[in-house]
Structure formats: structure tokens, C-alpha cells
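Here's the structure, in C-alpha cells; my notes come after.
The values are calculated or read from the model by the stated rules, or taken from the named source; none is laboratory data. Fair warning: this is a prediction, and the values are worked out from it, not measured in the lab. Cβ sites come from the backbone with ideal geometry, for glycine too, and all protein chains shown count toward neighbours.
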Amino acid sequence: MARVQNYINGEFQDALNGATLDNIEPGTGAIYGQLPESDAQDIDLAQTAAQKAFSTWRNTTLEERSAILGRIADLIDEQREPLAKAESRDNGKPLALAMSVDIPRASSNFRFFAQALTQFSSEAHESVGKNTINFTLRHPIGVVGCISPWNLPLYLFTWKIAPALAAGNTVVAKPSELTPVTAHLLAEICQKAGLPAGVLNIVHGNGSSAGQAIVEHPGIKAVSFTGGTKTGAHIASVAAPMFKKLSLELGGKNPNIIFADCDYDKMMATTLKSSFANQGQICLCGSRIFVERDLYASFKTDFVSRVAKLKVGPPSDSVDLGAVISSDHQQKILSYIDQAKAEGGEVLIGGNTVNVPECPNGFYLEPTVIEIKDHHCKVAQEEIFGPVVTLMPFDSEQEVLAMANSVPYGLSASLWTSNIDRSMRFAQQIESGIVWVNTWLNRDLRTPFGGIKASGVGREGGLEALRFFTEPKNICISYQS
Ligand code: NDP
């Protein structure tokens, strides 16, 4: 395995305190590497390097900046297979998923923002009749912090880093300590691509020490964070009084609403994915399934029989579900299933760990479908972030809309119907940042991405991300006519 080290000022190094954390492979449950257990000293070193690099990087021509980011994208593509193998091993996700989704998306993130930075523009406002012209500059902020979770490690890490760099900032970034390997490999790629020393600094370690030090550092002027809602609230409580710019992409409890008039086959195939892709560990998974009463019985039978055919096993094999991220997370998911039963839910399929003979200590779980009677139960209100969905019938549009909007979260929603009027009525009234109609996880990188309510503050994606990572300055000139 590649040795995981911090990448600071263009050099690979261990934590200054020499401490390390074990890296556990979810598929086997075994320790298979170490990473630096960095703390505030390492963050300070990284911030100093980033600050030093800022004046040069911000003045690098757009063409040159774009070329470097484009080279990073090309190198990610060239190394798709080793990167996917590393991601699958580190996270537990099926190799095929890492090959087809995670790594291609990481290179798309860099390629997209390499191009977007050459198209980014600002506005001018002529105050007609007042002999005044305003124009707005958009300057990079300075040193910014990027903190990402373990579920889509390189995909989300690059989703933050690429626009931050494209906008001319320098970066101190921390991946989750549970999935550090592809971040380390990205540092090697950036070095090879000619990204100048100090422009991107990657520091590994725990959220409570290394992550917290990023948020607290007075020289880190903005923080882009993706992770749990509780962590996001804590980060906001630290960063807001320091007047840092904050982008918070947090948890979800997304409804998947199925009307009887939908394209049944397409809905069924997509619903299997939106329920269980990445072992259900995607913030956009549709973990609450609501089905119109007329369709409910046949959907339930078909869905359960399709779920029964999903294969769970070692992530390197040809499987539908690999391992969940950790033993703790596996236990947390199981405790939600117990809670659901205690609250009157009926487990239609799944609900148990899976014993994979060649990996007896891996963190495997059956895909689980729970029929519930009350949408207020805990399992239908709180984010589980595992291969567990709830199922419930509905009778009317108003009823399902109220149930869909009853959770604290508001990240995404999926709607299945062939009625265009209904889809518009829903899209208008559903409380979420993203609405998919007859599709799921369909992303155009130009579109705004993010949630409302407890799912976050701010938007990423496209020009929204470049706006977040720049500070507007308006210049007003009065002239004689
Ligand atoms: P966490 O909130 O536990 O951690 C996210 C990141 O924050 C990790 O790098 C973590 O470090 C770090 N962190 C933890 N505490 C602090 C702190 N005090 N200061 C700074 N950084 C800190 O989330 P998970 O990693 O468990 O990810 C799962 C969550 O992410 C789910 O709730 C999911 O919905 C959400 N998510 C949201 C997405 C969105 O776009 N809205 C997309 C993907 C996931 P470490 O892991 O090293 O402790």
C-alpha cells in the first residue's frame, strides 16, 4: 500500500509530532496501513506554505492555471485503475463503482473547473443618468480550507479543491481519516502535474484535531465542508464568530416518491440504485420510499425480490454492495434496524450482517427494506447512511408532500410520474435543494448543488463554487460627460 503522508509545501512528510493512526480496510476489518495523526502544528505549517504560495498562484495567468488543472485531470484518467483499486480497498465500495463513478468524477471535477475558470466573468452596472459606472472584481479569498467525508473520498475532495484552486486560492485540505489513500495519491499527481509547491497542502488526521485546527486558524479565510449535520453545526459555531466564509454540505433523508403512472421498469432499476448504491452511503440516496397505494402491493413484491438478488461481498469482486465504512458504523446501522422493529416497523428483507467466508471480519450488511406505518418514526426521520430504506404507501399528493417535507433535512428528492403538471407542482413545493424527476444522481456540473434546512448552507457546483471561492469587490467610478 502507498504510504500515506502529509503533503505540505510540495513535500511529503509525517506529522510533526510523529503520531500515526491505523487505517482499517472495511472489506477485511484488518489494519492495512498508517496515516499521520496531525494536529494544529501541521495545519499551521500548511497554512504558512499556502500563504506564501498565494501571491504567485493568484497572479498565475488563467491559461497556465487552466493547463495545470487540466494536466491533473489527465493524470487522474491515466491512473484510473490504481486509483479505483485504492478507493475500493480504503472505503469498501465495489471496485466497479469506483471505476465507473468515483474516479471519473474526480477527473471531471478538475477538467470542469480548468475550463470554467477561463469562462468566469464579473458584472458591470452603469448608473444611467448619473455618469457613474460600477464594475465588480472577483478576487480569490486567500488560503481556504476544504474538509471532506469518507463516503465518496476522491470525488468530494476534488469537488472542493478544484474550484478553490481554479479561483486562485491556495488550499489546506483534510480528507476523512477513514479514507486517506486517494488523497495521498492525488498529492503525487499534483506534484507530477507541476502544481507549484504550497498551492495545495493535504493534511491527514482526526476531525477533532486537524479538522478543528483548519476551522480555527485565523489565516484560513473560508471553509468548504461536507459531512454530517452535527459536525457542520459545530464548525459553524467556531467559524461564524471569526466571520469566515462557510459552505456546508450536510446530511440528507431524501424522499423517493413513486406514482402509479411512472415508467415502472426505469423507476424500479433506478430505485434499487438510489436505495443501495455505495451501501446506501451517499448523501443523495433516497432512503424514504413512498409508493402510491394502487401500485404499492406490486411494487413491494417486486422490489423485495429484486433486493434479494443483490450480491454482497468483497469490494474487489463483482458485487452490488461491498462493506460499510467501519465496525462502529455497522453497529450504528444495526441499532437503527432494531429501533425500527421496536417502533412497529416490519423488516421485509435484510436486517442482518453478512458473513463473507473469505473476509469474516469485514463490515458487511444485508440490503434492508423496512415497511413502516408512521413516517414520524425515528428510522424515517434520522439519517442512517447505510443500506436501509423505509417503505410506505400514500393516497394523495397532499399527503405524500407533507410526509416528504416532515424531516429536518432538505437535500434532494426524487419523483416518479409521467404527469408533467404534477411534477412541476411537486418541484415547487418540495423542501429540498435538488429535485430529480424520473431520474436520480443525474448531475450536470454547471448546476447548483446543495441543500436547505439541516442539509446545509450555500451551494457548490459550476459558477456557484467559483463565486463562493472569490470575494466580490465593487468599484464605482464617477465621470464627467
Ligand atoms: P463527519 O461530519 O463525521 O466528518 C466529515 C469530515 O469532517 C471528516 O473529514 C472529519 O474528519 C471532519 N471533522 C470531524 N469533526 C471535525 C471538526 N470538529 N472540525 C473540522 N472537521 C471535522 O461526516 P462523515 O465523514 O461521517 O460523513 C458522513 C456524512 O456526510 C453524512 O451525514 C452525509 O450525509 C454527509 N455528506 C453530505 C454530502 C452533501 O453533499 N451534502 C455528501 C456526502 C456526505 P474525520 O473523519 O477524520 O474525523
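How many residues are of a type outside the set (D, E, K, R) and closer than 19 Å to residue 396 by Cα if we restrict to segment 265-298? Matching residues across segment 265-298 total 7. Residues in segment 422-432 that are over 23 Å from the mean Cα position of the chain (by Cα), surrounded by fewer than 20 Cβ atoms within 10 Å (Cβ to Cβ) and not polar (S, T, N, Q): how many? Number satisfying all stated conditions: 3. Close Cβ contacts (under 9 Å, 6 or more residues apart or on different chains) running from residues in segment 410-431 that are more than 15 Å from residue 455 (Cβ to Cβ) and in a loop (DSSP other than H, G, I, E, B) to residues that are at pLDDT 95 or above and of a type in the set (Ser, Thr, Tyr) comprise 417/423.
Each row is one residue, and each column tells you yes or no for (1) modelled with pLDDT of 95 or more; (2) crowded, with 20+ Cβ neighbours inside 10 Å; (3) within 16 Å of the ligand (Cβ to nearest atom).
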{"site": "384", "(1), (2), (3)": "yes, yes, yes"}
{"site": "390", "(1), (2), (3)": "yes, yes, no"}
{"site": "420", "(1), (2), (3)": "yes, no, no"}
{"site": "441", "(1), (2), (3)": "yes, no, yes"}
{"site": "446", "(1), (2), (3)": "yes, no, no"}
{"site": "476", "(1), (2), (3)": "yes, no, no"}
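Restricting attention to segment 217-255 and to residues that are polar (S, T, N, Q) and more than 7 Å from the ligand (Cβ to nearest atom), the residue that is farthest from the chain's Cα centre (by Cα) turns out to be 237. Residue 195 passes every criterion in (1) closer than 20 Å to residue 468 by Cβ; (2) surrounded by 18 or more Cβ atoms within 10 Å (Cβ to Cβ) apart from (1). When the criteria are applied in full, residue 408 meets the requirement of being surrounded by fewer than 16 Cβ atoms within 10 Å (Cβ to Cβ), over 16 Å from the mean Cα position of the chain (by Cα), under 20 Å from residue 225 (Cβ atoms) and outside the structural domain of residue 58 (by TED's automatic domain parsing).
Matching residues to (1) over 15 Å from residue 389 (Cβ atoms); (2) surrounded by fewer than 21 Cβ atoms within 10 Å (Cβ to Cβ); (3) among the small types (Gly, Ala, Ser):
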{"residue": "254", "(1), (2), (3)": "no, no, no"}
{"residue": "258", "(1), (2), (3)": "no, no, no"}
{"residue": "261", "(1), (2), (3)": "yes, yes, no"}
{"residue": "264", "(1), (2), (3)": "yes, yes, no"}
{"residue": "267", "(1), (2), (3)": "no, no, no"}
{"residue": "271", "(1), (2), (3)": "no, no, no"}
{"residue": "277", "(1), (2), (3)": "no, no, yes"}
{"residue": "281", "(1), (2), (3)": "no, no, no"}
{"residue": "318", "(1), (2), (3)": "yes, yes, yes"}
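Selection of segment 122-144 for residues being β-branched (Val, Ile, Thr) and not in a strand (DSSP E or B) yields 128, 141. Looking only at residues in segment 154-178 that are farther than 20 Å from residue 42 by Cβ and within 16 Å of the ligand (Cβ to nearest atom), the one that is nearest to the chain's Cα centre (by Cα) is 156. Candidates are the residues of segment 192-211 that are within 7 Å of the ligand (Cβ to nearest atom) and under 19 Å from the mean Cα position of the chain (by Cα); the one that is nearest to residue 56 (Cα to Cα) is 211. When 282, 214, 258, 289 are screened for being farther than 27 Å from residue 147 by Cβ, touching a residue at least 60 places away in the same chain (Cβ under 8 Å) and either near the ligand (Cβ under 10 Å from one of its atoms) or over 23 Å from the mean Cα position of the chain (by Cα) (or both), only 258 passes. Restricting the search to segment 145-164, which residues are outside any loop (DSSP other than H, G, I, E, B) and either in contact with a Gly (Cβ under 6 Å, 6 or more places away or on another chain) or surrounded by fewer than 24 Cβ atoms within 10 Å (Cβ to Cβ) (or both)? The answer is 147, 155. For segment 325-336, filtering for residues that are polar (S, T, N, Q) and either in a loop (DSSP other than H, G, I, E, B) or touching a residue at least 60 places away in the same chain (Cβ under 8 Å) (or both) leaves 2. Examine segment 131-153 for a residue that is among the hydroxyl-bearing types (Ser, Thr, Tyr) and either at positive phi or within 16 Å of the ligand (Cβ to nearest atom) (or both), and state whether such a residue exists. Yes; the residues of segment 131-153 include at least one that is among the hydroxyl-bearing types (Ser, Thr, Tyr) and either at positive phi or within 16 Å of the ligand (Cβ to nearest atom) (or both). Of all residues in segment 262-278, none are over 30 Å from residue 51 (Cβ atoms) and in the same structural domain as residue 48 (by TED's automatic domain parsing).
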